[in-house]
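Participant: Below you will find the structure I want to go over with you.
The values are calculated or read from the model by the stated rules, or taken from the named source; none is laboratory data. Note that the structure is a prediction, hence the values are computed from the model and not measured. Every residue, glycine as well, gets a Cβ built from its backbone with ideal geometry; the counts of neighbours run over all protein chains shown. Accessible surface areas use protein heavy atoms only, side chains included; no ligands, DNA or RNA. Shrake-Rupley method; radii C 1.70, N 1.55, O 1.52, S 1.80 Å.
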Amino acid sequence: MVTKEERIINPDYLFETSWEVCNKIGGIYTVVSTKALTLVDEFKDNYIVIGPDVWKETHENPLFQEDKFLYKSWRQQAESEGLRIKIGRWNINGRPVAILVDFTNFFTDKDAILAGFWETYKLDSLTGGWDYLEPALFGFAAGKIVESFYNFNLSHQDKIVAQFHEWMTGTGVLYLKEKVPQVRTVFTT
């Protein structure tokens, strides 16, 4: 007989955030992209990856195909909340739902955002340069995306897990811990 402690509970939604979603720059790209097909087979469109919109000022991202009809109502709501996102598919095996976020609009609020992390978690960002600030704001924006998606599409009955890869996304874990504690978080490094 399986005890309550031994029972595996699968989430209804799995969000996975990385600086390397639709952005082929290192080893985490390989980690996330090679398991995507398996996760899409299990979760279908309830497996959602979140990455930075780093191609916004150049040309179209060859690893991403935008779909303006996918989660259209929620996208409009998210944009009204100040989230600048593109929703579509990651051009890899399994073609998971991908949300790319342009987090640069949070630059003007960075002092207040970082002060909040200091006051709540003692996260020291005082001497952080842009190589620290950009990822910290990306993680923050990814947390806001999960929060917005949850508030618009889901309920307290849904089981949600949000996985964040590497220090570049860690502020997303902290954001969700405070704002949406019912979303379970995983941090991998």
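Participant: Does residue 58 fit the bill of being over 30 Å from residue 108 (Cα atoms) and either in a loop (DSSP other than H, G, I, E, B) or open to solvent by 20 Å² or more (accessible area, probe 1.4 Å) (or both)?
Facilitator: no
Participant: Further, regarding this structure: Answer with yes or no whether residue 48 is surrounded by 14 or more Cβ atoms within 10 Å (Cβ to Cβ), under 14 Å from residue 149 (Cβ atoms) and modelled with pLDDT of 95 or more.
Facilitator: yes
Participant: Could I ask something else about it? Can you name every residue in the range 123-147 that is assigned to a helix (DSSP H, G or I), more than 11 Å from the chain's Cα centre (by Cα) and of a type in the set (Gly, Ala, Ser)?
Facilitator: Listed by number, the list holds a single entry, 136.
Participant: Could you check, for the range 170-182, whether at least one of its residues is open to solvent by 30 Å² or more (accessible area, probe 1.4 Å), modelled with pLDDT of 95 or more and assigned to a loop (DSSP other than H, G, I, E, B)?
Facilitator: Looking through the range 170-182, at least one residue is open to solvent by 30 Å² or more (accessible area, probe 1.4 Å), modelled with pLDDT of 95 or more and assigned to a loop (DSSP other than H, G, I, E, B).
Participant: Hey, another quick one. Quick one: which residue in 102, 53, 41 is over 16 Å from residue 164 (Cβ atoms) and open to solvent by 60 Å² or more (accessible area, probe 1.4 Å)?
Facilitator: None of the other options fit; the residue is 41.
Participant: Working only within the range 165-182, note down all residues that are within 18 Å of residue 152 (Cα to Cα) and among the aliphatic types (A, V, I, L, M).
Facilitator: 176, 180
Participant: Has the range 92-108 got at least one residue that is in contact with a Gly (Cβ under 7 Å, 6 or more places away or on another chain) and not in a helix (DSSP H, G or I)?
Facilitator: Yes: one or more hits.
Participant: I'm trying to understand the selection: among the residues of the range 109-122, which are open to solvent by 70 Å² or more (accessible area, probe 1.4 Å) and not in a loop (DSSP other than H, G, I, E, B)?
Facilitator: Across the range 109-122, the qualifying residues are 109, 111, 112, 118, 119, 120.
Participant: Would you confirm whether any residue within the range 16-33 is closer than 15 Å to residue 146 by Cα, open to solvent by 50 Å² or more (accessible area, probe 1.4 Å), out of contact with any Gly (no Cβ under 6 Å at 6 or more places or on another chain) and not in a loop (DSSP other than H, G, I, E, B)?
Facilitator: no
Participant: Does residue 36 satisfy being in a helix (DSSP H, G or I), under 19 Å from residue 160 (Cα atoms) and either at pLDDT below 95 or touching a helix residue (DSSP H, G or I) at 6+ places or on another chain (Cβ under 8 Å) (or both)?
Facilitator: Considered against the rule, which asks whether it is in a helix (DSSP H, G or I), under 19 Å from residue 160 (Cα atoms) and either at pLDDT below 95 or touching a helix residue (DSSP H, G or I) at 6+ places or on another chain (Cβ under 8 Å) (or both), residue 36 comes out as no.
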